[in-house]
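Derivation of every value follows stated rules applied to the coordinates shown; laboratory data play no part. On a predicted model such as this, the values are computed, not experimentally measured, just so you know. Cβ placement follows ideal geometry from the backbone for every residue including glycine, while neighbour counts extend to all protein chains displayed.
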Amino acid sequence: MDFHEKFESMKGKAGEFAENAKDVAGDFAETAVAKSKQMLEITRLNFNSAGEESIIKKNYTAIGKLYYELNGENPEAPYAEYCEKIKASKAAIAANKAKIAAMKQKADSEEIADGE
């Protein structure tokens with residue numbers, strides 16, 4: 001084989017390599033686009049599911065609040081523990097508010113006394 005034949009052979013192989021590289025790059029790009037679309041769809045579905053879970057949580061809370069309003073004084077056995085915890089928390093909140101009011105009243109009366 002002379003130089004010209006070797007050069008033409010190498011040129012042909014280089015062309016085949018370039019064509020194969022182009023095909024591989026194209027396949028890679030198609031796969032990357034497909035994966036990106038899939039990840040975007042998964043993210044969208046997860047976001048939608050989180051929104052639905054939030055709706056469920058709000059409705060569970062509404063059901064519980066309604067049950068407490070209707071039956072809090074006489075709850076059925078499985079709910080009694082939770083109703084008692086709510087009553088205890090409400091009592092603690094009322095006590096805290098009373099302490100705050102007393103502290104404010106005392107501070108106001110001290111300011112009036114200091115101002116005289």
Worksheet item: Applying the Karplus parametrisation 6.51 cos²θ - 1.76 cosθ + 1.60 with θ = phi - 60° to the phi angles of segment 64-81, what ³J(HN,Hα) value in whole Hz is obtained for each residue in order, glycine and proline being reported as x?
Response: x, 5, 4, 4, 4, 4, 7, 10, x, 7, 9, x, 5, 3, x, 9, 4, 4
Response to the item:
Here the net charge surrounding Thr43, from other residues whose Cβ is less than 14 Å away from its Cβ (Lys, Arg +1; Asp, Glu -1), is +2
Item to complete: Would you mind checking segment 96-113 for residues with the amide N under 12 Å from a putative spin-label position 7 Å along Cα→C-beta of Glu73?
Response: none
Practice prompt. Compute the distance in nm between two label points, each set 7 Å from the Cα along the Cα-to-Cβ direction, one at Glu19 and one at Glu84.
Written response: 8.3 nm
Practice prompt. Using a/c under 1.5 as the rounded threshold, could you call segment 52-116 rounded, prolate or oblate? The axes a ≥ b ≥ c are square roots of the C-alpha gyration tensor eigenvalues, and prolate needs a/b larger than b/c, oblate otherwise.
Written response: prolate
